[in-house]
Amino acid sequence: MRKNVAVIILAAGMGTRMKSDKAKVLHEIQGRPMILYVVETARKIAGDDVIVVIGNQAQEVRSIISDTAELFFAYQEQQLGTGHAVLCALPKIPEHCDHVIILCGDAPLIQPETIAALLEDHLEARRDVSLLAVEMDNPFGYGRIVLDHNRQIAAIIEEADASADQKLIKLINSGIYCIDKAFLSEALPQIRADNAQGELYLTDIMSIGYQEKRNMGVVVGTNCQQIIGINTCRDLAIVDEIMKSR
């Protein structure tokens, strides 16, 4: 656990593909709301310096989390993308925190050891942005990571915006980041919603950083299971089985 690191958990989404009235992050894995697994991992890294971005069924999500921990909450009234969600959380980041880890509330298999390794690599390399990446033979649906000849991140291209050549890239974005707080605060207000989804993508800070010659690299994880995001009932069943086997 480090004293100068905050964790932001993105947990405001609607989860419309779950075909349920329940907020996505409240669906249960082994009898426990999925968000609590992510909160537990975050607290092992940052203690109480954890900000949960809530939106859909905000009061219910807040209540369930608050039964286990006293954390910070940021309200995202409209779900306008991951970049917008992090913008909502920025004012809640404690002043003593110099680095920000971003986790997804619908990816409950991520382990604290994996996040700790990402953080240590980030600090050792003195990067502005470190991204947890994995290689997938079938990367459909995931953002592709474009690296330059120095293995610096040049851009992350979402599936809906990717060209045919870009869709062949097997290095994908897990949605888990470690970012220098000063750079994050500077870059987020610059992103624009000029993409197929009309949303503010957090990933767009990469192209901003690349233009500014920031130090932005990847840490390639070896366990694809840990970054599985739950979007459908089938995903929920798969993750439930994995958690059961643990």
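Brief remarks on what is shown
So that you can scan it fast, the table gives a plain yes or no per residue for (1) touching a Gly at 6+ places or on another chain (Cβ under 7 Å); (2) closer than 21 Å to Ala74 by Cα:
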position: Arg2; (1), (2): no, no
position: Ile9; (1), (2): yes, yes
position: Met18; (1), (2): no, no
position: Asp21; (1), (2): no, no
position: Ile35; (1), (2): yes, yes
position: Val38; (1), (2): yes, yes
position: Thr41; (1), (2): no, yes
position: Val50; (1), (2): no, yes
position: Val53; (1), (2): no, yes
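- Residues that are in contact with a strand residue (DSSP E or B) (Cβ under 6 Å, 6 or more places away or on another chain), outside any loop (DSSP other than H, G, I, E, B) and more than 24 Å from Leu202 (Cβ to Cβ) are absent from region 36-51.
- Any hit, region 173-186, residues being in a helix (DSSP H, G or I), within 19 Å of Ala85 (Cα to Cα), at pLDDT 95 or above and aliphatic (A, V, I, L, M): yes
- The sole residue among Gly209, Gly175 that is within 20 Å of Arg17 (Cβ to Cβ) and either surrounded by 20 or more Cβ atoms within 10 Å (Cβ to Cβ) or touching a residue at least 12 places away in the same chain (Cβ under 8 Å) (or both) is Gly175.
- In region 89-98, of all residues being of a type outside the set (Asp, Glu) and surrounded by fewer than 21 Cβ atoms within 10 Å (Cβ to Cβ), the one that is farthest from Gly13 (Cα to Cα) corresponds to His96.
- Residues that are under 14 Å from Val129 (Cα atoms), surrounded by 17 or more Cβ atoms within 10 Å (Cβ to Cβ) and in contact (Cβ under 8 Å) with a residue 60 or more places away in the chain, drawn from region 178-206: Cys178, Ile179, Asp180, Lys181, Leu184, Leu188, Leu202, Thr203, Asp204, Ile205, Met206
The values are calculated or read from the model by the stated rules, or taken from the named source; none is laboratory data. It should be emphasised that the depicted structure is a prediction, and the values quoted were computed from it without experimental measurement. For neighbour counting, all protein chains shown are included, and Cβ atoms are generated from backbone atoms with ideal geometry for every residue, glycine included.
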